[in-house]
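Below: the structure, in structure tokens.
The values are calculated or read from the model by the stated rules, or taken from the named source; none is laboratory data. Treat the numbers as computed from the prediction; the structure is a model and nothing was measured. Here the Cβ is made from the backbone with ideal geometry for all residues, glycine too, and neighbour counts use every protein chain on show.
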2 protein chains.
Amino acid sequence: MLRIALAQVNATVGDLDGNAELIVEWTRRAAGGGSRVVVFPEMVLTGYPVEDLALRASFVEASIAALHGVAARLDAEGLGGIAVVAGYLDRRKDLAPRTGLPIGAPQDAAALLYGGRVVVTSAKHHLPNYGVFDEFRYFVPGDTLPVFRLPADGGEEVDIAIAICEDLWQDGGPVAACRRAGAALLVVPNASPYERGKDDVRLDLCVRRAREAGAALAYANMIGGQDELVFDGDSILVAADGALLARGPQFEEALVVADLDLPAADPGRTPADQPVDAGDGTTITIRRVTLAPPPEIPEIVGPEGTGMFWPRLSDPAEVYAALVTGVRDYVAKNRFRSAILALSGGIDSALTATIAADAIGPGNVYVVLMPSRYSSDHSVIDAEDLVKRQGLHAVTIPIAPMVDAFGQELTPAGFPETGLPAENLQARVRGVVLMALSNAAGHLVLTTGNKSELATGYSTLYGDSAGGFGPIKDVPKTLVWELSRWRNAEAERQGATPPIPENSIAKPPSAELAPGQMDTDSLPPYEVLDALLDDYVEKDMGTAELIAAGHDPALVERVVRMVDAAEYKRRQYPPGPKISQKNFGRDRRLPITNRWREPRPS
Amino acid sequence: MLRIALAQVNATVGDLDGNAELIVEWTRRAAGGGSRVVVFPEMVLTGYPVEDLALRASFVEASIAALHGVAARLDAEGLGGIAVVAGYLDRRKDLAPRTGLPIGAPQDAAALLYGGRVVVTSAKHHLPNYGVFDEFRYFVPGDTLPVFRLPADGGEEVDIAIAICEDLWQDGGPVAACRRAGAALLVVPNASPYERGKDDVRLDLCVRRAREAGAALAYANMIGGQDELVFDGDSILVAADGALLARGPQFEEALVVADLDLPAADPGRTPADQPVDAGDGTTITIRRVTLAPPPEIPEIVGPEGTGMFWPRLSDPAEVYAALVTGVRDYVAKNRFRSAILALSGGIDSALTATIAADAIGPGNVYVVLMPSRYSSDHSVIDAEDLVKRQGLHAVTIPIAPMVDAFGQELTPAGFPETGLPAENLQARVRGVVLMALSNAAGHLVLTTGNKSELATGYSTLYGDSAGGFGPIKDVPKTLVWELSRWRNAEAERQGATPPIPENSIAKPPSAELAPGQMDTDSLPPYEVLDALLDDYVEKDMGTAELIAAGHDPALVERVVRMVDAAEYKRRQYPPGPKISQKNFGRDRRLPITNRWREPRPS
């Protein structure tokens, strides 16, 4: 019997000291609960992704030094007898074949810490280089599979292998080598960002790979926000036959603990290094180490935050939790204490304010009401209603005096009093007010644009797009409504006041930058638009495919042009939490200068 | 004797029709000058880089269709007897080994067009995935070396091989296979972006690879701007012994033509496909084709823009040409007709205006003078002086009325009347004015920030950083002065009025956002700062290295923190032409949320 803990913790990029502290702290908890093995996420020591920090020699050296420091500290605190597997940034000491990369190039590595030492290390074999990932830019692949023989309870020994994240997602490699090595357990540190529906894919993957490896599989994932990525935890433990043994919570730090019945290592089999065909055109060397029996492990603290199963979140709950986590961690990890946003009375700013209040507390959320001469009465009423429901700090600053001041100076230079330029001017005056109040008090400015607007360019650069973080930038308008309804229903279920005024949800959307303006003056109904955007943006369909999929040909042409033409705006938009398969950001990288126009099918 | 032409043309990303037209047009010129072989740049048919367009199936199919269209059109216009080598976007029909990428994944390819057909194609073997390049994201590597046997003048035949761009930069691969194939000439389409000093590196490279391949080498590079990249042409032709035979102009379309004395192909050697060890751990298949004798090639037009050698540009002339090219093509390729910028009387906006006037003509450049109450008399005088010297459109819009209007509304909300927030407010009012005038007339807004400011965050988000393109964003302040002096001297040399007022160059720099404010109040002298930034940003030195390199320790700590803290601002800055080894953009990708602080050396 082997008790194992998966520590799904919230690491911070670059904070080596803080992340080291996390490893020690959560190992202590795991030890207190009787676990003999603790698995931490991929690159937990450096945070993930470190991007070009991986190319800075001083940072790589600091990561390696910090790893040795953690090993020594664990031992000094009486935790040297726990087998700790943790991800970190290393460098390859020899020349990697076929990469052209120099000796000393960085690696996405994992280490086994035991008895105060870094016992064995390995590096990720399969490097992801698609979607939000750019790992060929940074890392050389690893070509070893470490297998450590751990003295388990009852005098037997078990063989445990280590792979890293993408090593599960691609065929062959460490999983194949694990079967050849005859390991009883494969532990896998991960930093796998959240996407809607990805949890099911991950579970299927773990089940399949456990069967292929012929070993139990322990999948430990990070939690927390890092710029546009949100890690959702949801760590998984499956038996060799694919049976689910334990599963962590989503978006929360936790220790997922379970007892494994594993086949004992064959004592007659001499642990020796061995190269094997990894089934993917490469050779992997199985590197075996045998651990000494541990010293006595002191009983330290109780196993807080420990469990085997947590309730699963529904789809809207999961998305909402991702957005809240993204905002909370962007604020905290960048050392902000408060956020500010413009509240219009519409649904986008209402949902953004609610997410912010849930993330950092309503007492840290400042809203600015900036009515223009085209703002309707209900807008102001709805905004004030939300402020009262949630207890936010609010200030009202009418923009007409500033808009008029610009008008007076600009009209002689030929500036028109109505039309798009005049509408943009109003939005930009609001942007200046927000930034001014942010500068004066140190608030983070939150933008309130949704994905449908961002896609079509239905926003004003430096106006409503001004800000440091965009909580709903990856949320299509139809999902904005769904999340708002869900959040209100959730409040009612708990006997609390629904945070969002029903009228903000129910009324037809309007930018209110011109008299009687409605979104539908410039855009198709959002149900129609979002379905088309999903096919064009997320599925990368060409015009012919879009029409074949049933979208209106004239609309396809118009919307595709709007999306293409708005690329320059998106480039200057702040980051926001990715929740979809393809966000505007690291996932989708198109040139601004781009004359490609999808041909009309004949 | 074989006459060859390298056509260094200006392709536009996504413009398949326009780029196809370029190929036909320049082949016609080459034929008119008697060339038998014409080499176009890498991905000339699609433009480069196409980024995620490569992942859109409809675009890949359109590229392949366009290639066949060009082959047919060349033949229809009587040019079927010219061997045309051109780059395009293809897809791999079989499964590439060891990539995990699906059948049909895109390739960065080159084709030989002859006799109205696509005779042979191949794909880039070495994919760059560093600096500004992300090719592992898009392409699967090629593993063939096409060698075509061309009937040359005098009845002999010559063997010509094709490689692509990065295939020269890495050891082994197509260059090694070329030697094994015994080809007399290696032609290489390129899309190699400009960097200061890169031209010397490229020449050395061509000389070295020609010797290794045992073949003459024809290096055809693209020209023109594409978002933040500028291609400088500078095509190179070297003999098998490394002797320089011809070299194209920098930043200009041209046909580089030379006559080559090449060893004849061995008629006894049966042209058959043959796999060879490429010396980089892979196998490359040499794919041989023999071309039929050409039909008669009609004399069509004279060889315009043709030559063997052009005068080389000095360092400042080269940098200046890159900036002008970047602005010109961003404007033209995005279908702008004019640009607008804020003119302060300082050197940054003076140089930016001059670059813009040189790029698109002074009649298309609009400047706005926006004095504040802190603007000095000389600022307005210097700005007006520049307007007069260059004949730009100018309008003056004082910002005090708008700043006061904001002040009146914001002061009750606790907004301070002086200090950084008040300074930023002034900059943002200017941003709003510029954007308003741009929206009303369709001008492209140019930002005027330099690299030193961008590095240290010495700028206001949505204020002076507002705009669509940043001509000098990769130019450190000390180089801003050098380029300004050079441009004035160049004018004097040509007997023209120096475009930049001497006082704008000579006076100490100031943002003029507070009374008596000087840049040196917040920043070290620019000579000191730029040297430090060069080591930290471009060379990625850590703190210890920076101090060891002789920089003041206190200044190192301060500047490193300024640079790290300004990452969020740089993310929202518009693109601008890359001229350095590491620009703020595709070259340098750091997280915003980043707690890494370089340790002070003990």
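Observations, loosely collected:
- All conditions in (1) more than 11 Å from every other protein chain (Cβ to nearest Cβ); (2) surrounded by fewer than 18 Cβ atoms within 10 Å (Cβ to Cβ); (3) at pLDDT below 95 hold for B:ALA72, with the sole exception of (3).
- Counting only helices (runs of 4 or more DSSP H) that sit completely within region B:390-479, those holding 3 or more residues that are among the aliphatic types (A, V, I, L, M) and farther than 23 Å from A:GLU417 by Cα correspond to B:420-441.
- Evaluation of A:ARG373 against (1) within 13 Å of another protein chain (Cβ to nearest Cβ); (2) among the basic types (Lys, Arg); (3) not in a helix (DSSP H, G or I) (one fails), failing number: (1)
- All positions within region B:376-400 that are among the aliphatic types (A, V, I, L, M) and more than 9 Å from chain A (Cβ to nearest Cβ): B:VAL380, B:ILE381, B:ALA383, B:LEU386, B:VAL387, B:LEU392, B:ALA394, B:ALA400
- Candidate set from region B:453-469 (those that are surrounded by fewer than 24 Cβ atoms within 10 Å (Cβ to Cβ) and polar (S, T, N, Q)); member that is farthest from the other protein chains (Cβ to nearest Cβ): B:THR456
- Just one of the numbered conditions (1) surrounded by fewer than 20 Cβ atoms within 10 Å (Cβ to Cβ); (2) more than 10 Å from chain A (Cβ to nearest Cβ); (3) not in a loop (DSSP other than H, G, I, E, B) is not true of B:VAL556: (1).
- Positions within region B:565-599 being over 27 Å from B:ARG196 (Cβ atoms) and not in a loop (DSSP other than H, G, I, E, B), in sequence order: B:ALA565, B:TYR568
- Hits in region A:196-218 (condition: buried (at least 24 other Cβ atoms within 10 Å of the Cβ) and in contact with a Lys or Arg (Cβ under 7 Å, 6 or more places away or on another chain)): A:ALA213, A:LEU217
- Residue identified as in contact (Cβ under 8 Å) with a residue 40 or more places away in the chain and assigned to a helix (DSSP H, G or I) among A:GLU492, A:GLU512, A:GLU482: A:GLU482
- For region B:227-323, the strands (runs of 3 or more DSSP E) that sit wholly inside it and include 1 or more residues that are surrounded by 20 or more Cβ atoms within 10 Å (Cβ to Cβ) and modelled with pLDDT of 95 or more are B:229-232, B:236-238, B:244-247, B:254-260, B:283-290.
- Tally, over region A:114-133, of residues that are under 27 Å from the mean Cα position of the chain (by Cα) and part of a strand (DSSP E or B): 3
- Enumeration of residues in region B:159-184 that are in a helix (DSSP H, G or I) and either among the basic types (Lys, Arg) or within 11 Å of chain A (Cβ to nearest Cβ) (or both): B:GLU166, B:TRP169, B:ARG179, B:ARG180
- Selection within region A:401-441 - surrounded by fewer than 18 Cβ atoms within 10 Å (Cβ to Cβ) and at the interface with another protein chain (Cβ under 10 Å from one of its Cβ atoms): A:PRO401, A:ASP404, A:GLY407, A:GLN408, A:PRO412, A:ALA413, A:GLY414, A:PRO416, A:GLY419, A:LEU420, A:ALA441
- Region B:314-345, residues that are under 24 Å from B:MET370 (Cβ atoms) and of a type in the set (Ser, Thr, Tyr): B:TYR330, B:SER338, B:SER344
- Those residues of region B:121-158 which are closer than 22 Å to B:GLY172 by Cβ and away from every other protein chain (no Cβ under 14 Å), in sequence order: B:THR121, B:SER122, B:ALA123, B:GLY142, B:THR144, B:LEU145, B:PRO146, B:VAL147
- Which listed residue is within 14 Å of chain A (Cβ to nearest Cβ), of a type in the set (A, V, I, L, M), in a strand (DSSP E or B) and more than 23 Å from B:THR290 (Cα to Cα), from B:LEU89, B:LEU22, B:LEU53, B:LEU45: B:LEU89
- Residue within region A:575-596 that is more than 31 Å from the chain's Cα centre (by Cα), modelled with pLDDT under 95 and farther than 29 Å from A:GLU51 by Cβ present: no
- Residue tally, condition under 32 Å from the mean Cα position of the chain (by Cα) and surrounded by fewer than 24 Cβ atoms within 10 Å (Cβ to Cβ), over region A:140-165: 3
- Across region B:56-86, the number of residues qualifying as over 30 Å from B:PRO295 (Cα atoms) and not hydrophobic (A, V, I, L, M, F, W, C) comes to 3.
- Checking each residue in region B:525-543 for being assigned to a loop (DSSP other than H, G, I, E, B) and crowded, with 17+ Cβ neighbours inside 10 Å picks out B:ASP540, B:MET541, B:GLY542.
- Check on B:PRO421, over 22 Å from B:ALA441 (Cα atoms), at pLDDT 95 or above and of a type outside the set (Gly, Ala, Ser): no
So that you can scan it fast, the table gives a plain yes or no per residue for (1) under 15 Å from B:GLY449 (Cα atoms); (2) within 11 Å of another protein chain (Cβ to nearest Cβ); (3) crowded, with 20+ Cβ neighbours inside 10 Å:
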| site | (1), (2), (3) |
| --- | --- |
| B:ALA565 | no, yes, no |
| B:PRO575 | yes, yes, yes |
| B:ASN594 | no, yes, yes |
| B:ARG600 | no, no, no |
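- Considering A:SER344, A:SER349, the condition of being assigned to a loop (DSSP other than H, G, I, E, B) and surrounded by 24 or more Cβ atoms within 10 Å (Cβ to Cβ) is satisfied by A:SER344 alone.
- Unmet criterion (only one of (1) modelled with pLDDT under 95; (2) in contact with a Phe, Trp or Tyr (Cβ under 9 Å, 6 or more places away or on another chain)) for B:VAL120: (1)
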